Amino acid sequence: MKSPKEFKRFVGLGIIILLSSACSSEFMVKNMYEGLGDSFIDDVHEYADFDQHQSQLIETVADDLHHWHRTTQLPIYARVLRDIANASASGALLQRELIRAKLDRIEQAMKNMENAPWPRLDELFSSLSIAQIVQIEETLQDEIVDMERDLKRLHRGNGTEKLIRERRNEMVGLFTDFLDVPLTKAQKSRIQTIATQWQSNPWEELRLETEWNGQFIELLQRLNKRSVSYDAVLEHLLTSSTLLENFAPYQVESNRRLLVDGLHDIFKTMDAEQHARMQASLNRYADLLETL
């Protein structure tokens, strides 16, 4: 489902999902992070049948991306987590401008793939046969069909209520599971308001993704015929994380303001113990990220 994914991106989970899903176990987090490269390789292989040379290229891309993420991105996440902990300790976290700045920094780190190294990806894309491109197209179409089926099933029932419940549970979990901060009834109510007022249009997002897929396949076909450069394919590939923001910037900005205002209200009503628990959790996670 796209809407919950967008909500996760704005709440700034990213690496946080990795940490909290592993129940804060350092051993499990390290194992999961080490396995990201293999997961990437497995995911790519689901799209087409690749020959041995292409498979080696995919492994090279995965290794380079993993190294880049560990050495350049994890330090950013660790720094932001420590900054938020320090802001909580000093009282600066009660400022809306600071909350917005930290959320923007996390979101930018999550979308920072344009700065990632992409060696050998040009060779991989250029080596794709027409038959492989057809396989990729069919796999993308199957994904769209699955998403459309999920949307229809969702809206046959209490779809809106389910999306609201998912958003609420994700944000409550951010505090109670990730930050180890029990929330008051009033704080949970404020989260409910955020989840209810959050704007989303999953059908429009599905249309955007379908359109993006078609353009991607067309570029691969043209690359196969050498009528377009690899740079054009890469440029399109990197737009996938900003489809909604480019199409509906006012909706995206409205959701950002809604989240900032909501977090401001929650931080303002947290007592000393809640802030202390949050600071301890954030510093512990920052320490962990620095060891990965």
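Numbers for the structure displayed
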| quantity | calculated |
| --- | --- |
| Subset of segment 239-276 [over 30 Å from Phe216 (Cα atoms) and either in contact with a Pro (Cβ under 8 Å, 6 or more places away or on another chain) or free of Cβ contacts under 8 Å to residues at least 24 places away in the same chain (or both)] | Arg257, Asp271, Ala272, Glu273, Gln274, Ala276 |
| Index of the failed condition, Met32 passing every other in (1) in a helix (DSSP H, G or I); (2) modelled with pLDDT of 90 or more; (3) among the aliphatic types (A, V, I, L, M) | (2) |
| Scope segment 197-238; condition within 24 Å of Gln132 (Cβ to Cβ), in contact (Cβ under 8 Å) with a residue 24 or more places away in the chain and hydroxyl-bearing (Ser, Thr, Tyr); matching residues | Thr210, Tyr230 |
| Enumeration of residues in segment 74-88 that are of a type outside the set (Val, Ile, Thr), touching a residue at least 24 places away in the same chain (Cβ under 8 Å) and surrounded by 17 or more Cβ atoms within 10 Å (Cβ to Cβ) | Leu74, Tyr77, Ala78, Leu81, Arg82, Ala85, Ser88 |
| Any hit, segment 101-113, residues being within 21 Å of Gly35 (Cα to Cα), among the aliphatic types (A, V, I, L, M) and in contact with a Ser or Thr (Cβ under 9 Å, 6 or more places away or on another chain) | yes |
| Residue within segment 236-251 that is farther than 30 Å from Met171 by Cβ and modelled with pLDDT of 90 or more present | yes |
| Positions within segment 218-257 being closer than 27 Å to Glu138 by Cβ, assigned to a helix (DSSP H, G or I) and among the β-branched types (Val, Ile, Thr), in sequence order | Val233, Thr242 |
| Enumeration of residues in segment 194-208 that are under 25 Å from Arg257 (Cα atoms) and either among the hydrophobic types (A, V, I, L, M, F, W, C) or in a helix (DSSP H, G or I) (or both) | Ile194, Ala195, Thr196, Gln197, Trp198, Pro202, Trp203, Glu204, Glu205, Leu206, Leu208 |
| Single unsatisfied condition, Thr71 versus (1) assigned to a loop (DSSP other than H, G, I, E, B); (2) without any contact (Cβ under 8 Å) to a residue 12 or more places away in the chain | (1) |
| Failed criterion for Ile133 (all others in (1) in contact with a helix residue (DSSP H, G or I) (Cβ under 6 Å, 6 or more places away or on another chain); (2) of a type outside the set (Lys, Arg); (3) at pLDDT below 95; (4) surrounded by 18 or more Cβ atoms within 10 Å (Cβ to Cβ) hold) | (3) |
| Sole exception among (1) closer than 23 Å to Ala232 by Cα; (2) of a type in the set (Gly, Ala, Ser); (3) touching a His at 6+ places or on another chain (Cβ under 6 Å) for Ser88, by number | (1) |
| Flag if Gly91 is at pLDDT 80 or above, among the small types (Gly, Ala, Ser) and surrounded by fewer than 16 Cβ atoms within 10 Å (Cβ to Cβ) | yes |
| Lone qualifier among Asn201, Asn224, Asn255 - being of a type outside the set (Ser, Thr, Tyr) and closer than 30 Å to Ser127 by Cβ | Asn224 |
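The values are calculated or read from the model by the stated rules, or taken from the named source; none is laboratory data. Bear in mind that the values here come from a model prediction, so they are computed numbers and not experimental data. Cβ atoms come from the backbone with ideal geometry, glycine included; neighbour counts cover every protein chain shown.
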